[in-house]
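Heads up, the thing below is written out as structure tokens.
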């Protein structure tokens with residue numbers, strides 16, 4: 001299992017991931033689609049999971065966290081069509097934008113875990 005200790009910029013990436021999860025979690029109340037079962041529960045479940053994994057990765061990035069976040073972000077981005085709530089415009093956009101950002105950030109972190117070289121400490 002690969003992992004890397006985070007530097008300043010890496011911590012910021014994980015804070016952004018946690019923030020995207022929090023926005024997704026709060027979006028049914030913020031944007032008024034809490035009455036739609038699939039849209040609201042998708043936001044609550046995937047938002048909470050994404051935020052939790054983002055917070056877990058703040059100090060150290062583990063490969064499994066990023067793989068799961070990439071899957072969750074991709075699911076969130078496609079959920080409006082897979083769960084049939086693409087007609088609720090605000091729910092669709094918040095899922096697509098937050099999910100896409102999370103998936104891209106997770107892919108970048110995975111690239112860093114596999115390809116970036118550790119800076120030796122003196």
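The values are calculated or read from the model by the stated rules, or taken from the named source; none is laboratory data. This structure is a prediction, so every number in the text was calculated from the model and none was measured. All Cβ positions, even for glycine, are placed from backbone atoms using ideal geometry, and neighbour counts span all protein chains on display.
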Which numbered condition trips up residue 62, out of (1) in contact with a strand residue (DSSP E or B) (Cβ under 6 Å, 6 or more places away or on another chain); (2) farther than 21 Å from residue 11 by Cβ?
-> (2)
Answer yes or no as to whether residue 89 is surrounded by fewer than 16 Cβ atoms within 10 Å (Cβ to Cβ), more than 14 Å from residue 13 (Cα to Cα) and in contact with a strand residue (DSSP E or B) (Cβ under 8 Å, 6 or more places away or on another chain).
-> no
List the helices (runs of 4 or more DSSP H) that sit entirely inside the range 3-122 and contain at least 3 residues that are at pLDDT below 85 and out of contact with any helix residue (DSSP H, G or I) (no Cβ under 7 Å at 6 or more places or on another chain).
-> 8-30, 89-115
Filtered residues of the range 34-51 (kept if closer than 21 Å to residue 105 by Cβ and either buried (at least 18 other Cβ atoms within 10 Å of the Cβ) or more than 13 Å from the chain's Cα centre (by Cα) (or both)) = 42, 43, 46, 47, 49, 50, 51
